[in-house]
Every structure is written in C-alpha cells, then in structure tokens.
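J.: Pasting a structure below so you can have a look.
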Amino acid sequence: MKKSTLLIAFVLLVTSVVQAQVKKGDVLIKNATVITITNGTLENTDVLIRDGKIDKIGKSIKTPRGVEEVDATGKFVMPGILDAHSHIAGTSINEGTSQVTAEVTMEDVVNPMDVSIYRALAGGVTSIHLMHGSANVIGGQNETLKLRYGSTNPDDLRFEGAPRTIKFALGENPTRGGRARGIQPQSRMGVEAMLRNSFSEALVYKKKWDAYRKDKSSKKVAPEYNLRMETLVDILEGEILVHCHSYRADEIYMLLKVFSDFGIEKLTFQHANEAYKVAPELAEFGAGASVFADWWAYKLEVYYSTAYNAAILTKNGVNTSINSDSGELIRHLFHEAAKTQKYGQLSDNEALALITINPAKQLGIDHRVGSIEEGKDGDIAIFEGHPLSTYAIPVMTFVDGVKYFDRDNDVKDQRIYIDPESTIETVQIFDAHSQHRCMEDAEVVNFYDLFNNK
Amino acid sequence: MKKLRKTFFPLLLILPMLFLSANVNAQSDPTAESPATRTYAIQNATIVQAPGNVIEGGTIVIENGLISAVGKNVNIPAYAEIIDGTDLFVYPGFIDGMAYTGAKRPEQPERPRNLFTPDPPNEYAGITPEKHVVDQIVIDDASISSMRKLGFTVSHTVPYGRMLPGSGALLLLTEKEHADLMLLQEDVSLYTQFAGAPGAYPGNTLGIMAKFRNLYRNAELSKQHSEMYASGPAGMERPTRDRTLEAFYPVVAKQKPIFYNANTALEARRAIRLKNELGFNLVIGNLQQGWDLVDAIKNSGTQVFMSLELPEEPKEAKEEDQTEEVKQLEERRMEFYKRYLTQYAEMKKAGVKFGFSTIDASAGKIKKNLKTLLDYGMTEDDLLAALTIDAAELLGINTITGSLEKGKLGNAVITKGAYFADDSQVKYVFVDGDKFDFEVKEKKANGENAAPANAEAIVGTWSYTVMSPEGEQGGKMIIRMEDGFLAGTLTSNDGSPDNDMQNISFRDGELNFEFSIDAGGQSVLVLVSGPVTGNEFDGEATVEQFNVSFPLRATKDEAK
C-alpha cells in the first residue's frame, strides 16, 4: 500500500516536471455584475476560481483559506476576450516563398517576450489565435495561445489541448505573391486550381501510405515522407480547422464549393468583408466568419463593405466573431464589438458573444473558455463600466486564475528581455510594426527596410 | 648494397612526407627559417596542466608533436631547444567550440534565372549537408594566425552558408602546405543555422523548422531502406542515391551531432524542440542568451558552446537628458547588460558544462571579453576549463588534447605573466608540436586582417552617407585599433542598432570591410570597398544577394 502511494507520488512528480510549469491561481471575485454570456447577467455575484478553474458562481461565497479576494463592487466581470485573428507574439509571420506551406507552423515562432501581449491583456484579452500571414493560398498552421505574459518559454503560452488550425488565403494577397515571383496563382482561378490540386495530391499521398501500411511484405519500401501532404491529409480528415483569409462573396462561395467537394467541414472565414452577401449559404454550410467591425477600403477587393456585416451574419445564424488582426485594435476589442450595437442593434449579449464564446467556437475551445461557467478556465476580465460602454476601462485580467494585468499596479516598463545595446528611444504609442503583418516577409526586400534593420 | 636499398627504399618514400608534416621548409630552405629541432623544453616555468593543477618551476618537453614529459624533475633530451621559462606561464592550447576560423566565405550562389521559389535547387536554398568545411579552408587565412596569436590551437571550424552548409572539422591552427595536414578530425558535426534563402524556400524560421523535420524523417526512411537493401536486395526496390539525405545518416545513428548556431534564447529553444522531436544529439553553439535555459538544456541533454561575443557596455545619456524615465530605462538596460555577463558563472554553477564559440566574436575583442567575464563571476579556472578541457570533452577529444599531460598533442600557449593578468603577453604558441614565436614578428603575419603600418591613418570617426535607391541614410563609421587589428562600428542616425564592421582591411589606399544586417529574419551581407584619399572615403556598397551596388561616402571628422 505504502509502496504504491509512493509510486503514484513519484509519477505525479515526474509528469509535473515534464509538463510546462503553467501557473494556476486561486481568487474570489466578490460582488460583481457577472456577464456570463451563456447564462445571462448576474447582479451582486461572486466568482470563485480554484486552481485555475471556475469553481463556483453564486452569492456570498465564503472565502476559502488562503484565497485572494477581489472586491468588484460596482464592476463588471466578463469572460476573457478572445481574438480569433492576431499576429502579435510571433517572430515570423509568413513563409511567403511558396504558395502552399501547410507544413510550417506558428508553434515554432511564438515569441512570449512580445510586449504586445501585455498590451492585449490590458484590453481584457486572455487568448489569441496567432495566425500565419496571408501571403499564400495554403499558409502555415496557426497557434492558439493563452496570454500568460512573463514567461520566456513559448510552451508556457500554448493553449493546451486546443485543436490544430491552419491559415488559407484567397484573392489579392496570394495572387500578388504569385505574380511577383512568376508562379501560380496569378488570378482567382489559379487559387481555386491550386486548392483542388493540393487536396487531390494529398489524397494520392494518403493512398500510397495506406498501401504501404497494409503491405505485409518484408521487402516493402516506405514512400517519401512529406510533411506538407501529411498536414493536408489531416485537414481532409477533419483534424485541422481551416481559417481562411477572404474578402469577396464570390471567392467565399468558391471555397464552400471546394470544401463540399472534398468533404471538409470545419471552416471559418477571416475578414470576410462581403460575407453578408452569402450569409445564408455560410449558415447552411456551418461555416463561421471572423470580421472587422468597420474597417475596409485599404485595397481594391475590400471596397465593397459595410459595418452591418457582423450583425447581418449574426441574424442569419452564422457563428460570427470580431477580430483585431492588429497589435493596436486588440487593446479595445470591446469597443469593436460595441459598434455592432450602433450598426445592427445587436443585444449586449450578442455583441459580447462576438469577442468571447463565438471565437471560442471557431477555435474549438468553447468547452474551456468564452463564457463564465463552473468548470471552465478562470480566464476573466474585470471592467470599470459596462464593457460595451464608451467609458469602459479594463482594470484586471486573469488567465487560469492568475492575475496578469492590474490597472492599479501597472508597471511602466513591461519588457521581458532588453537588448543591452539598444538606444533609449522616444516611446512611440503607435507602433506601425504591429499594424500590418499579414504580408510581412512576402514582399521583395527593399533597401529602406534593409537599412532600417526591419 | 642491395640489402641496404631494400631497407631504405620504403623509408625514402615516407621521408618526404615526414618532412612535409614536420616543417614545410625542411627539405630545402633558402630562408633558413626552418627549426633545427622539433623538440622543445620549457624550463622553470609555471605550468598550468589543467585548471587548478599548477606546477611551479616545472618543465615541459614537447617532442615530435606530442608532450613527452611534464613535471618538476624531467630529463631534457640533449637535442631539445631550451626555452627559459622564468616568468613564463604554460597553459594547454585553447580550443574553439564553433568558428569560421580558416574558412573563406564562398561566393553567394547566384540566383538562377526563372527560379521556382517554392522549390529552389538545394545549392541556392543553402541545403548542402553533404559538403565539407575542408573545401572552404584557406591555409594562410588571416583568421588562423589571429586566433593562434590569442592562444587557440584547435578550432571546430564550420562552413559558411545558409540553412545546412555542411560538416564541420577540427582544425589545428598551424601552418601547413595543405589543409588536409591541418585536420585533426574531419566531419565531426553537421552544422545548421536559422538562415533562410533570399526569396526562396525555406525563407525564414517557419520554413526552416519544417524543412528540417522533412529532411530528417526522409533521412530516417532512406537509411532504413538502404540498410534493408544491403542485407537482402533481391526483390526490393533499389534505393536511389541522395547525398543530402545520406549526410544525415550518421546523425540519425547518433554518431555525429548537429551543431546548431543558435544565438538567442528563442533560437536555442527551437533547436532543442527539434532535438526532442527527432532525437538527434544536439550541440548549441554561439549562445548569447542562456540564462533562462538551464533546465531546458539539462533536461534535453543538450551540450553548449557559449558565445565569446559580449554586448558593449551601455553608455548613459548626458546629464541634461536624464529624465526620471530615461534613468529607469537605463537601469533596466544595465540590469540586462549584467545578465548577459553573469550568466556564464551562473550556468557553470548550475552544472552546465560549456566551452566557448568565437563565431560571432572578432579576434580583437576576445581577450578583453574574457577579462570582462572575470569581473562578472567566472574564475580564472572556470575560463581556462571552458577554453581547454571542457571544450575538449564536449568535442570528444579530451584523450588527445585539452590539458598538458604526457602523450597529448603538443598544443600549448605560453605567456609572460598569467594569461588573464592585465599586462600579460603571449610569447609562444605550440600547435601540434610546432612552435610559433611572438617575440619576433610572427611569420607570415601580414594576413588580410592584420593592420599594415599606415592603418592608423583611417582610425577615427567618420561621417558616412549611403545613397540607396530608397533615399539617403547616414551615421558614424567608427574605426578603432584593437590589439593590432582594425575593428569598427557603423552607427545610424535614425536610431537603428549599430552594426559591427567585419574583415576590415586597409591596403594601398583601399579600404574594404563588410557588415551584415538583419532584414526580417534574413541576414543580408553588405560588402563595402573603395579608395581613401586624404579624409575622404569614396566607397561602394554591394549586396551580392541582390546583385546591386550603391555609393557609400564618408568624411573623416576633424580631431578635436
């Protein structure tokens, strides 16, 4: 008996050492207006988080011994905001040299030291979908992260158990790359052909390997291994959720047809400025849309757009989210969500769902985050003022019950690593670098960038 | 007579070879520079056999390439050249864990016409693991003599290139007629780095990580196939030759380590990630940010060569610019400057055994940097261990070098005053039993890097302007003399980070140097050359990767 207990203790010790040492916290948030998203808004309510999970939601919960108490009287508590489209916290964004790079993964380039993570936390964001860029038709795999800022180990930010996702891109971005390099695709027709060719190739690849695995001969020879094809096969088998950069209704509809032909079901359109034109079709397919609130006209294919997009999609039953795609917008996604109340009269709950439970569904993590429910992760944002109010101010942000942002205790210099040879530069509030990373590394290098060390 | 001939004939064949390895000038030496003997005895010296193991007033005999005796009471052969060791310190020859020493950067592969960027030729992608650094070795490259002058006797030299440039070799930093004769061991490592191909796959870290996995998995399959075929080919598909994959076979078999040039903590973690996934033996070279990696390094069984390039000490702003905020920012910058320096002692204390890599360190700075590490917690014994026995153990050559013991290679550095003392001076370096004497001017020392007498003329601060197609850009070009070598820095007026000037040479009124810039994770090398007339430099900057040039002009600032 004693022996086996020891053994169990030893096994526990070993596994806890091997796994990334993610911090889990305990906290009791008292007397708040709790916006649960899935179960209405509860007044004067306490939320108890134990060991990183929401343990109890109710009135007058007794403070367990050793648990920190946060008095949230007059404050609003909502689930941590999720950004379904982000390019912060990555050291590279595009492997733009090839038009199909399913084999590359953002998991390899997570930069936990990016100070943008802290800025996002200061906007109530607890998780992001770190996406590959849009330079290629089938880009790299994305990585869903929890914003556990302060660690220097990229593994500590990984959203454990989140499904794999991948970036696709249609329209001007991949065709621009194709034309610049003199390779396919150079038109929207080429994009579709490339998608169909890639999946057909993947089917052939799968067949080869299936045959090899079935072969009982001792003289059998393994086919060539191809990580790109392996990934495409995983998409065909539904193991990877597709998130596709798109703008125009025709290209959105095209992808629905391609995916129907190949039996791929898990699909979210990113940007999708014209998605409202094909909202019923998206709903029927079961595809999601992750859009901007009111951002368009930055290139030709994004001229035909409307701020009613999110509302129209929502009313048509499309699972819709609002994303940032930017190191700046990510700090006030609650404002972006609020715009759907001016343009489309969405209810409070519908508007907030756009930045919580809906993106959680699009990322396949809705059983863990996106609403305040017992058993879910302790990822919480506390606001002064209603989060949809113009006057809303995020005051605290928790991930797994650990406080990562506290407005009252906001240290100015949040950098984790500092280059000792750097100059002390004037602080820039607006950082152009965090704005547009979608096409980073995809363009031919120019000399201005060379000499500016960008 | 016949019998004599029979006895001597084989000797006659071998003899020239013996002479060749003993001394290049031995057969016929009109310069009369060849040594009369290859046996040396340093008498009455302080002999540091290994860190912490010192013989005062000892004697060491180096005979025919090997250490034949060390100790207090040692018989000195009559034919030995005797060196009076009073005031001299004898150390084991230093070992460089990862460097380009002796290798010459080859021409960048030309961008093929109509390059299919998703699948470029391996040569252009920089995926040439089948190559060997020996082919890049230039026997009289100035880097060999400048590293030797510092006390380095063995260099693990790796090839220049991109993602997978080829195999590294252990090079004796000596003078021979042919690179083969300088090789201690060939193909000891497979060298790799996060260097993408310009505008082709793999272009950056994303593609490089994926490509590495793909190559490795296919190498495993290909190795398996060729082994199965070798044991019973009948009825089996014939394996096709693929030299790229074959280069991985010894890595897959764990007979050869991967040497990853991983400078930052994130790069090192990526290399360790690949090791954990694929299972090869990993050595990280050139690490500059190791302070958060002790556990990751230990748990994964990774070996490390720390960089000997250290950050420059930050300079504080002028008093009038020191607002409270600037002060705080400067404090944090200083905290990190110290972290870069104290990590060496901390890692040592945490039980991470490491050697040094000089791949990013210019020869002129190395001694200064070693002394800086002394100020930040490393002891002289720690430094010596990293330079000698620990490096030898990590490279698997501790049975033949790394300490001054009988039977080991005649590799030693002899200084007047203790090596790490301020006014110490390297007097002799022995490599493979050959003596290099620094009391007189070193033979053949006028290599490319060594500064000619008039080099002082260009030392100073210059204001430069680059006229690139994107507009003008300016800054200061600061040229210094460091331990007899030219060194320099390019600053930028727009606040971009400084760039180190490398391979600076000034000869016949012509100034040449190069620097590299990081363009979105892609390293771009810029070569600059042009004439200096008075205080004017009329240079041309060339980026070979893109086959473009533009003017870089500079005017020397008046000395105040």
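The values are calculated or read from the model by the stated rules, or taken from the named source; none is laboratory data. Keep in mind that this is a model prediction, so the values were computed, not measured. Note: ideal-geometry Cβ built from the backbone for every residue, glycine included; neighbour counts use all protein chains shown. For accessibility, only protein heavy atoms count, side chains too; no ligands or nucleic acids. Shrake-Rupley method; radii C 1.70, N 1.55, O 1.52, S 1.80 Å.
J.: What's the number of the condition A:Pro394 fails, among (1) at pLDDT 95 or above; (2) within 9 Å of chain B (Cβ to nearest Cβ)?
T.: (2)
J.: Any chance the stretch B:108-115 includes a residue that's of a type in the set (Asp, Glu) and within 30 Å of B:Val154 (Cβ to Cβ)?
T.: Scanning the stretch B:108-115 turns up no residue that is of a type in the set (Asp, Glu) and within 30 Å of B:Val154 (Cβ to Cβ).
J.: From (1) closer than 25 Å to B:Ser145 by Cα; (2) of a type in the set (A, V, I, L, M, F, W, C); (3) open to solvent by less than 10 Å² (accessible area, probe 1.4 Å), pick out the condition that doesn't hold for B:Leu341.
T.: Answer for B:Leu341: the failing condition is (1).
J.: Turning to a different aspect of this structure: For the stretch A:370-421, which positions are acidic (Asp, Glu) and either over 29 Å from A:Lys342 (Cβ atoms) or in a strand (DSSP E or B) (or both)?
T.: Passing the criteria: A:Glu373, A:Glu374, A:Asp377, A:Glu384, A:Asp400, A:Asp406, A:Asp408, A:Asp410, A:Asp413, A:Asp419, A:Glu421.
J.: Step by step: first the residues of the stretch B:291-311, then only those that are part of a loop (DSSP other than H, G, I, E, B) and in contact (Cβ under 8 Å) with a residue 60 or more places away in the chain, then the one that is most open to solvent (accessible area, probe 1.4 Å). Which residue is that?
T.: Going through the qualifying residues, I end up with B:Glu309.
J.: Here's something else I'd like to know. Scan the stretch B:322-336 for residues that are part of a helix (DSSP H, G or I), more than 20 Å from B:Lys349 (Cβ to Cβ) and either more than 9 Å from chain A (Cβ to nearest Cβ) or under 32 Å from the mean Cα position of the chain (by Cα) (or both) and report the count.
T.: Residues that pass the stated criteria total 6.
J.: Can you tell me which of B:Val48, B:Val90, B:Val61, B:Val54 is at pLDDT 95 or above and open to solvent by 50 Å² or more (accessible area, probe 1.4 Å)?
T.: Step by step, each of B:Val48, B:Val90, B:Val61, B:Val54 is checked, and only B:Val54 is at pLDDT 95 or above and open to solvent by 50 Å² or more (accessible area, probe 1.4 Å).
J.: State all residues of the stretch B:435-459 that are open to solvent by less than 20 Å² (accessible area, probe 1.4 Å) and at pLDDT 75 or above; if no residue qualifies, say none.
T.: The answer is B:Phe436, B:Ala455, B:Ile458.
J.: Just one of A:Lys219, A:Lys208, A:Lys167 is within 14 Å of another protein chain (Cβ to nearest Cβ), without any contact (Cβ under 8 Å) to a residue 12 or more places away in the chain and surrounded by 13 or more Cβ atoms within 10 Å (Cβ to Cβ); which is it?
T.: Matching residue, one of A:Lys219, A:Lys208, A:Lys167: A:Lys219.
J.: Name every residue in the stretch B:530-548 that is modelled with pLDDT of 85 or more and either surrounded by fewer than 16 Cβ atoms within 10 Å (Cβ to Cβ) or charged (D, E, K, R) (or both), in order of residue number.
T.: Hits for the stretch B:530-548 are B:Pro531, B:Asn535, B:Glu536, B:Asp538, B:Glu540.
J.: What residue, of B:Tyr124, B:Tyr160, B:Tyr79, is part of a loop (DSSP other than H, G, I, E, B), farther than 22 Å from B:Asp180 by Cβ and of a type in the set (Ser, Thr, Tyr)?
T.: B:Tyr79
J.: Would the stretch B:101-112 turn up any residue that is among the aliphatic types (A, V, I, L, M) and away from chain A (no Cβ under 13 Å)?
T.: Yes - at least one qualifying residue is present in the stretch B:101-112.
J.: How many of the residues in the stretch B:295-308 are away from chain A (no Cβ under 11 Å) and either more than 30 Å from A:Ile424 (Cβ to Cβ) or not hydrophobic (A, V, I, L, M, F, W, C) (or both)?
T.: The number of residues fulfilling the criteria is 9.
J.: Turning to a different aspect of this structure: Looking at (1) within 28 Å of A:Leu363 (Cα to Cα); (2) in contact with a helix residue (DSSP H, G or I) (Cβ under 8 Å, 6 or more places away or on another chain); (3) among the β-branched types (Val, Ile, Thr), which one does A:Thr231 not meet, given that it meets all the others?
T.: (2)
J.: If you go through the stretch A:175-205 one residue at a time, how many are open to solvent by 60 Å² or more (accessible area, probe 1.4 Å) and not basic (Lys, Arg)?
T.: 8
J.: Same structure, new question: Looking for whichever is away from every other protein chain (no Cβ under 13 Å) and either outside any helix (DSSP H, G or I) or touching a helix residue (DSSP H, G or I) at 6+ places or on another chain (Cβ under 8 Å) (or both) here; the options are B:Gly168, B:Gly235. Which one fits?
T.: Selected residue: B:Gly168, the only one of B:Gly168, B:Gly235 that is away from every other protein chain (no Cβ under 13 Å) and either outside any helix (DSSP H, G or I) or touching a helix residue (DSSP H, G or I) at 6+ places or on another chain (Cβ under 8 Å) (or both).
J.: So, B:Tyr216, is that one in a loop (DSSP other than H, G, I, E, B), over 22 Å from the mean Cα position of the chain (by Cα), at pLDDT 95 or above and more than 23 Å from B:Gly351 (Cα to Cα) or not?
T.: Here the answer is no, as B:Tyr216 does not meet what is asked.
J.: Would you be able to say whether some residue in the stretch B:94-109 is at pLDDT 95 or above, crowded, with 21+ Cβ neighbours inside 10 Å, out of contact with any strand residue (DSSP E or B) (no Cβ under 8 Å at 6 or more places or on another chain) and of a type outside the set (Lys, Arg)?
T.: no
J.: Oh, and also: Which pairs turn up if I take residues in the stretch B:197-218 that are without any contact (Cβ under 8 Å) to a residue 12 or more places away in the chain and within 7 Å of another protein chain (Cβ to nearest Cβ) and look for partners that are open to solvent by less than 20 Å² (accessible area, probe 1.4 Å) and among the polar types (S, T, N, Q) with beta carbon separation below 7 Å, at least 6 apart in sequence or on another chain?
T.: Pairs that qualify, where the first residue is without any contact (Cβ under 8 Å) to a residue 12 or more places away in the chain and within 7 Å of another protein chain (Cβ to nearest Cβ) and the partner is open to solvent by less than 20 Å² (accessible area, probe 1.4 Å) and among the polar types (S, T, N, Q), are B:Leu206/A:Ser92; B:Gly207/A:Thr97; B:Gly207/A:Thr101.
J.: Are any of the residues in the stretch A:347-355 touching a residue at least 12 places away in the same chain (Cβ under 8 Å), at positive phi and either touching a Leu at 6+ places or on another chain (Cβ under 7 Å) or outside any helix (DSSP H, G or I) (or both)?
T.: There is no residue in the stretch A:347-355 that is touching a residue at least 12 places away in the same chain (Cβ under 8 Å), at positive phi and either touching a Leu at 6+ places or on another chain (Cβ under 7 Å) or outside any helix (DSSP H, G or I) (or both).
J.: Sticking with this one: Does the stretch A:128-159 hold any residues that are charged (D, E, K, R), in a strand (DSSP E or B) and away from chain B (no Cβ under 14 Å), and which are they?
T.: The answer is A:Lys146, and nothing else.
J.: So if I check each of B:Leu181, B:Leu173, B:Leu190, which one is open to solvent by 20 Å² or more (accessible area, probe 1.4 Å) and more than 13 Å from chain A (Cβ to nearest Cβ)?
T.: B:Leu181
J.: Out of all the residues in the stretch B:261-286, which are in contact with a helix residue (DSSP H, G or I) (Cβ under 6 Å, 6 or more places away or on another chain) and either assigned to a loop (DSSP other than H, G, I, E, B) or more than 14 Å from chain A (Cβ to nearest Cβ) (or both)?
T.: Answer for the stretch B:261-286, where residues must be in contact with a helix residue (DSSP H, G or I) (Cβ under 6 Å, 6 or more places away or on another chain) and either assigned to a loop (DSSP other than H, G, I, E, B) or more than 14 Å from chain A (Cβ to nearest Cβ) (or both): B:Ala262, B:Phe280, B:Leu282, B:Ile284.
J.: Still on this structure, I have one more. Of A:Asp400, A:Asp413, which residue is within 13 Å of A:Val115 (Cα to Cα) and modelled with pLDDT of 85 or more?
T.: From the options A:Asp400, A:Asp413, the qualifying one is A:Asp413.
J.: Across the stretch A:115-134, what is the total count of residues that are closer than 21 Å to A:Pro174 by Cβ and either at pLDDT below 95 or polar (S, T, N, Q) (or both)?
T.: 1
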